[in-house]
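Peer 1: Below: one structure in structure tokens.
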Amino acid sequence: MSDKIDFEVVPLRAFKDNYIWTLRNDRYAAVVDPGDAQPVLDYLRRERLELCAILATHHHADHVGGVADLLARHAVPVYGPRGEPIPTLSHPLGDGDQVQVPQLGLRFEVLGIPGHTRAHIAYYGANSLFCGDTLFACGCGRLFEGTAPQMVASLAKLAALPDATLVYSGHEYTLANIDFARAVEPDNEELKARAASDAEKRKSERPTLPSTIGREKKTNPFLRCLEPAVIESANKYLGARASDPVQVFAAIRAWKNSF
Ligand SMILES: [Zn+2]
């Protein structure tokens, strides 16, 4: 899926902890999940870039709230999930579809990853994954419209991507997620190392993202529901003996909600 890499990915901050991932070359930019138009408009003006596409992962306002204002100034295609209420969508997408952004020489494969919302999608291409609120660094999205089995299947689909895939999630939640992950897996050495390096990044206000699929597989409890240590912690929380990965996932998801 990887085309020639002559683009850059820039995080624009929005609201408290959202990232609007901006893909750019020296002339054009595409944005993923613009919950707010202003940071995008400011960036385009400052960098003298022309907006060429908007990509949405799901319908929540902090991801698409800025689309209408961007469209008022830039007539560009708006890609997003078919079957979610996004009135500004021009190109509804589902699992297996492709998106071309010729101005940036990019092509993305669309992955259907329901769970956080009913038709949430991710964009995968050029060794990069834009996965909205499904996979976070060391965490995963809440189940607002989908079920635990759906989320487990969606996360498995993402975990099957190459380890080197760069993971661009929708929020900077990493340090809080790591605190929880360490409660689940207190003896995970990779997690300890990650806690230190990500805390260092946040101290200097750098994003902890992108992560990689390989790093998530080693440290993200929601991708580790077959690991004995994760199963044991889930069982402690449940006060039961569950080993089915969906039950283990559901237990740690519920635990995280009240953590
Ligand atoms: Zn969301």
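Peer 1: For segment 209-249, give me each residue that is modelled with pLDDT under 95 and open to solvent by less than 40 Å² (accessible area, probe 1.4 Å).
Peer 2: Hit for segment 209-249 is Ala242, nothing else.
Peer 1: Still on this structure: How about segment 154-181: which of its residues are among the charged types (D, E, K, R) and within 16 Å of the ligand (Cβ to nearest atom)?
Peer 2: Glu172
Peer 1: Taking segment 105-158 as the region of interest, how many residues are among the basic types (Lys, Arg) and farther than 15 Å from Thr57 by Cβ?
Peer 2: Going through segment 105-158 one residue at a time, the tally reaches 1.
Peer 1: Show the residue pairs meeting these rules: Cβ distance below 8 Å; 6+ apart or different chains; first residue within segment 52-79 and open to solvent by 10 Å² or more (accessible area, probe 1.4 Å); second residue among the polar types (S, T, N, Q) and within 16 Å of the ligand (Cβ to nearest atom).
Peer 2: The qualifying pairs are His59/Thr117; His60/Thr117; Asp62/Asn18.
Peer 1: Starting from residues that are of a type outside the set (A, V, I, L, M, F, W, C) and under 8 Å from the mean Cα position of the chain (by Cα), keep the ones in segment 110-144 and report whichever is farthest from the ligand (Cβ to nearest atom).
Peer 2: Checked segment 110-144; the qualifying residue farthest from the ligand (Cβ to nearest atom) is Thr134.
Peer 1: Just to be sure I understand the filter: pairs with C-beta atoms under 7 Å, separated by 6 or more residues or on different chains, first member in segment 166-187 and over 22 Å from His120 (Cβ atoms) and in contact (Cβ under 8 Å) with a residue 60 or more places away in the chain, second member away from the ligand (no atom under 16 Å from the Cβ) and open to solvent by less than 60 Å² (accessible area, probe 1.4 Å). Which pairs pass?
Peer 2: Val184/Pro221; Val184/Val230; Val184/Ser233; Val184/Ile252
Peer 1: From the list Asn25, Asn18, exactly one residue is surrounded by fewer than 19 Cβ atoms within 10 Å (Cβ to Cβ), of a type outside the set (Gly, Ala, Ser) and in contact (Cβ under 8 Å) with a residue 24 or more places away in the chain. Which is it?
Peer 2: Going through Asn25, Asn18 in turn, the sole match is Asn25.
Peer 1: To continue, here is another question. Quick one: how many residues across segment 160-176 are open to solvent by 60 Å² or more (accessible area, probe 1.4 Å) and not aliphatic (A, V, I, L, M)?
Peer 2: Counting residues in segment 160-176 that are open to solvent by 60 Å² or more (accessible area, probe 1.4 Å) and not aliphatic (A, V, I, L, M) gives 3.
Peer 1: Within segment 188-208, take every residue that is in contact (Cβ under 8 Å) with a residue 40 or more places away in the chain and under 19 Å from the mean Cα position of the chain (by Cα) and give me the one that is most open to solvent (accessible area, probe 1.4 Å).
Peer 2: Selected residue: Pro207.
Peer 1: Restricting to segment 103-141, give me the number of residues that are in a loop (DSSP other than H, G, I, E, B), over 22 Å from Asn220 (Cα atoms) and open to solvent by 10 Å² or more (accessible area, probe 1.4 Å). Let's see the steps before the verdict.
Peer 2: Initially, segment 103-141 is screened for residues in a loop (DSSP other than H, G, I, E, B), giving 105, 113-120, 126-127, 131-134, 137-138, 141.
Then keep just the ones that are over 22 Å from Asn220 (Cα atoms); that gives 105, 118-119, 126.
Within this subset, residues satisfying the condition of being open to solvent by 10 Å² or more (accessible area, probe 1.4 Å) are 105, 118-119.
Residues meeting the conditions: 3.
Peer 1: OK, next. Only residues that are buried (at least 19 other Cβ atoms within 10 Å of the Cβ) and touching a strand residue (DSSP E or B) at 6+ places or on another chain (Cβ under 9 Å): list them for segment 142-159, please.
Peer 2: Of everything in segment 142-159, those that are buried (at least 19 other Cβ atoms within 10 Å of the Cβ) and touching a strand residue (DSSP E or B) at 6+ places or on another chain (Cβ under 9 Å) turn out to be Met151, Ser154, Leu155, Leu158.
Peer 1: Of these, Tyr79, Tyr43, Tyr19, which one is assigned to a helix (DSSP H, G or I) and either under 23 Å from Thr117 (Cβ atoms) or more than 16 Å from the ligand (Cβ to nearest atom) (or both)?
Peer 2: Result: Tyr43 is the single residue among Tyr79, Tyr43, Tyr19 that is assigned to a helix (DSSP H, G or I) and either under 23 Å from Thr117 (Cβ atoms) or more than 16 Å from the ligand (Cβ to nearest atom) (or both).
The values are calculated or read from the model by the stated rules, or taken from the named source; none is laboratory data. Computed from a prediction, not measured in an experiment: that's the story for all the values here. Backbone-built Cβ (ideal geometry, glycine too); neighbour counts: all protein chains shown. Quick note on the areas: whole protein, heavy atoms, side chains included, nothing else; ligands and nucleic acids left out. Shrake-Rupley method; radii C 1.70, N 1.55, O 1.52, S 1.80 Å.
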